[in-house]
Amino acid sequence: MVGRLDGIIGWLTYYGYSRSIGSGDLGTIINDAVDMAKQELENFLSLRASRRYRVILKLLASGIREWGLLKRTLEGYEGSQVSDRVLHDVLTTLKRHSIIDDSLEFTDPIIKEASKNFTNSFLLLLSLTESSIVNT
């Protein structure tokens, strides 16, 4: 349980509070936390003009951390070349807001789970990515 809730936001406290008021089991509380985290990510993303953040978050949440693969997948999504600087800026912003760390790992397991749950249009992107991993 600690591994699933131990993030920078205080999900263990939320779990303890929810249990103390009889607000459901661990699965229900985690689902509620993921929903709250997804809303917070949506708020964060609403302040960014680029949809690249969603793509990068989804890719990182699926376990893709290699620079070249992140860049190629982003280029495939956009249908055009993306400069290294663009990818660097997106990753730097995510780091600056403590969403990911220097090794491109999520700092919070609930935020990672919320990033996996972006809209279905990203499922196609992910399947394209998985096939490109196999073909490389």
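When residues in segment 55-83 are screened for being touching a residue at least 40 places away in the same chain (Cβ under 8 Å) and not charged (D, E, K, R), 11 of them pass. In this structure, residue 73 qualifies as hydroxyl-bearing (Ser, Thr, Tyr), crowded, with 18+ Cβ neighbours inside 10 Å and more than 26 Å from residue 14 (Cα to Cα). Do we find that residue 63 is open to solvent by 60 Å² or more (accessible area, probe 1.4 Å) and on the phi > 0 side of the Ramachandran plot in this structure? So residue 63 does not fit the description; no.
None of 102, 84, 89, 108 is of a type in the set (D, E, K, R) and within 15 Å of residue 50 (Cβ to Cβ) except 89.
From the list 45, 12, the one residue that fits, being open to solvent by less than 50 Å² (accessible area, probe 1.4 Å), assigned to a helix (DSSP H, G or I) and not polar (S, T, N, Q), is 45. Residue 19 meets the conditions (1) open to solvent by 80 Å² or more (accessible area, probe 1.4 Å); (2) under 18 Å from residue 86 (Cβ atoms); (3) modelled with pLDDT of 80 or more in every case but one. The failed one is (2).
Evaluated against (1) small (Gly, Ala, Ser); (2) modelled with pLDDT of 90 or more; (3) closer than 15 Å to residue 116 by Cα, residue 68 falls short on exactly one condition, (3). Residue count for segment 81-104, restricted to those that are loosely packed, with under 13 Cβ neighbours inside 10 Å and either modelled with pLDDT of 95 or more or farther than 17 Å from residue 39 by Cα (or both): 10.
The values are calculated or read from the model by the stated rules, or taken from the named source; none is laboratory data. The shown structure was predicted, so the numbers you read here are calculated from the model rather than taken from an experiment. Note that we place each Cβ from the backbone using ideal geometry, even for glycine, and neighbour counts take in every protein chain shown. Remember, those area values only see protein heavy atoms, side chains included, never the ligands or the DNA or RNA. Shrake-Rupley method; radii C 1.70, N 1.55, O 1.52, S 1.80 Å.
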